[in-house]
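Just below is one structure, and these are the notes that go with it.
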Amino acid sequence: MAKSNSLKASDPSRLTPRLRMILMVVIIADVLDLMDSTITNIAAPSIVQSIGGGELLIKWLTAAYALAMGVLLVIGGRMGDRYGKRRLYLIGIAGFTLASAFCGLSVDPAMIIIGRLIQGGFGALLIPQGMSILMATFSREQFPRAVSVFGPIMSISSVFGPILAGFIIQANIGGLGWRPMFLINIILGLIGLAAAIKLLPHDQPNSEEKLDGIGTLLLGISMLGLIYGLNEGPVAGWTIVPVISLIAGIIFLGAFAFRQIHAANPLIKPALFKNKGFTSGMLLGLAFFAAVSGLSYVISLFFQMVLHLSAYDAALGLCPMAIGIVISSTVCRPLLNKMGRKIVVIGLGVTLLGVFVLWLTLFLKGTAATALLMAPAILVIGAGMGACFSSIYDVALGELAQDEAGSASGSLSAIQQLASAIGSAVVVTIFFHLQSTVGDARAMEYCVLIVAAIVVTGLCLVWLMPKSASSEE
């Protein structure tokens, strides 16, 4: 027994109590981000009923958060290098907490959309620092053990977030309705901030780190123009405003690309786009994440606005998707190094199967469909999503040199957020537009068919990706 205890004590991967506390500080930030990126999928109808805003607010609640997160995420990590990771973490969690309070106290649509933009912006400063802090604090032997905790906790958060939102709305705590869903972040944020001040190690800023502020601004304007145009075009009948918005978005996107080619320190290294595997993986990720983000949002709206389920029942109706994601990602992750892009193919195929079953259910039952009848299809879609979530970007990085992988990984994370903003806005816009012309059930069917077409396109792109995944952990 003494020998066994001695071996345990000398285990180089063992985490000390202080390291465990640092890990928990980092996890709090990721949980806050993950929960706040999903709760509005459930809460949107209740928020609109409370403060107005109609379809426009429903479309922008999720899109605003993801837009700000995606644009600033590409520069957030470098800001940590330049100004200090600890400092940026503290600024990020403090700002995120204040923005959450701003959202929870909102009295009109403009206020809450601004709050969501601020949340996403501070989240983009906060999230990149966590992993960098862990890499600098934990030894090579300790780091894998620390990272292994993230998967289960993030999976649980993805399941728990929408359920918590539904429960809070139904409980109507103090007559506040949906507001405590944001206000609870004040407690979590203050705990995280106090713990971070006490526990996070001090690091030295690197004043030589260069930031491409102009590139970030160009990217932000281009994404805002594109998303606004795609949001309003189908509704407004492609009047002058959405058309100009789209044109401006394309022009600024071109200016961003030009900037990346000529900037001394570009946000995205131009050499990455010469790699066929990375480019195809980026395009596949952009299309897939946009499609499934939009689909999950519109399913929630269908549950609440067409089937007239409560927010809590709608959250339970989406649980099969979250369960499928958790199970599939847990199963597929260990197989990734062995199977490579085959995991992506399987994930896309399973997603397509689930989408087809969902379409068939809606085709046969229409508005008589129930959450229970749709559950098998939603579970299968979640399983396909989980396989893709855990594999697309790792495979896309498979052929890159080690010195390119860091920049590429950060770029792909930002693209995933932007895809979520685009998908949630565009698919919901299509759903609302079709409701008035073909009815509730057919509108939902067409949205599902659009997602199916995107997944089929993904199955064509996947063969351009590397066969093997990145070996980096």
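The table that follows gives values for the structure above.
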read-out	value
Where N is the number of residues in the stretch 340-404, Cα Rg divided by 2.2 N^0.38 Å	1.48
Label point 7 Å beyond Cα of V331 along Cβ direction - residues of the stretch 157-187 with amide nitrogen under 12 Å	none
Subset of K210/K274; K210/K338; K59/K269; K85/K274 violating a 27 Å alpha-carbon distance limit	K210/K338; K59/K269; K85/K274
Mean separation of Cα contacts under 8 Å (6+ apart) over length of the chain, as relative contact order %	21
Between helix 17-51 and the chain: long-axis angle, C-alpha atoms, 0 to 90°, nearest 10	10
Rg followed by Dmax, in Å, when the stretch 28-89 is reduced to its Cα trace	15.0, 44
Förster-model FRET efficiency, 51 Å R0, L372 and I250, C-beta, rounded to 0.05	0.70
Phi-based couplings in Hz for the stretch 160-166 (Karplus 6.51, -1.76, 1.60; Gly and Pro marked x)	6, x, x, 5, 4, 4, x
Residue-level accessible surface for R259, protein heavy atoms, 1.4 Å, Å²	80
Probe 1.4 Å - accessible area at H433, Å² to nearest ten	80
Residue-span extension gain [A136 to T16] - 0.36 nm each, minus C-alpha spacing	41.7 nm
³J(HN,Hα), Karplus 6.51/-1.76/1.60, whole Hz, each residue of the stretch 194-209, x for Gly, Pro	4, 5, 5, 4, 7, 9, 5, x, 6, 10, 8, x, 10, 5, 7, 5
Semi-axis lengths, Å, the stretch 7-153, gyration tensor of Cα atoms, sqrt of 5 times eigenvalues	35, 16, 11
For the chain, calculated [θ]222 nm from helices alone, where every DSSP H run of n ≥ 4 adds -39500 (n - 2.57)	-27500 deg cm²/dmol
Dipole of the chain [Lys/Arg +1, Asp/Glu -1 at C-beta], most positive-end residue of S50, I133, G281	I133
Solvent-accessible ranking of L286, L307, largest area first, probe 1.4 Å	L286, L307
Charge dipole magnitude, Cβ of K and R +1, D and E -1 - the chain, Cα centre, debye nearest 20	940
Principal-axis tilt of helix 85-104 within the chain, Cα atoms, nearest 10 degrees	30
Net charge contributed by nearby residues that have their C-beta within less than 15 Å of T62 (K/R +1, D/E -1)	-1
Viscosity 1.002 mPa s, temperature 20 °C, Stokes-Einstein D of the stretch 84-140 from Kirkwood C-alpha radius, µm²/s	178
The chain: angle of helix 371-389 to the longest principal axis, Cα-based, in degrees nearest 10	40
Two-site FRET efficiency, A264 against S436, from Cβ-Cβ distance with R₀ of 56 Å, rounded to 0.05	0.65
Kirkwood Rh in Å, taken over the chain so that all alpha-carbon pairs contribute	22.9
Spatial extent of the stretch 231-279: Rg and Dmax, with the Cα atoms as the point set, Å	15.3, 42
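The values are calculated or read from the model by the stated rules, or taken from the named source; none is laboratory data. Predicted model only: the values in this text are computed from it and were never measured. Cβ coordinates were reconstructed from backbone atoms using ideal geometry, including for glycine residues, and neighbour counts include every protein chain displayed. Areas reflect the complete protein model, heavy atoms only, side chains present, ligands, DNA and RNA absent. Shrake-Rupley method; radii C 1.70, N 1.55, O 1.52, S 1.80 Å.
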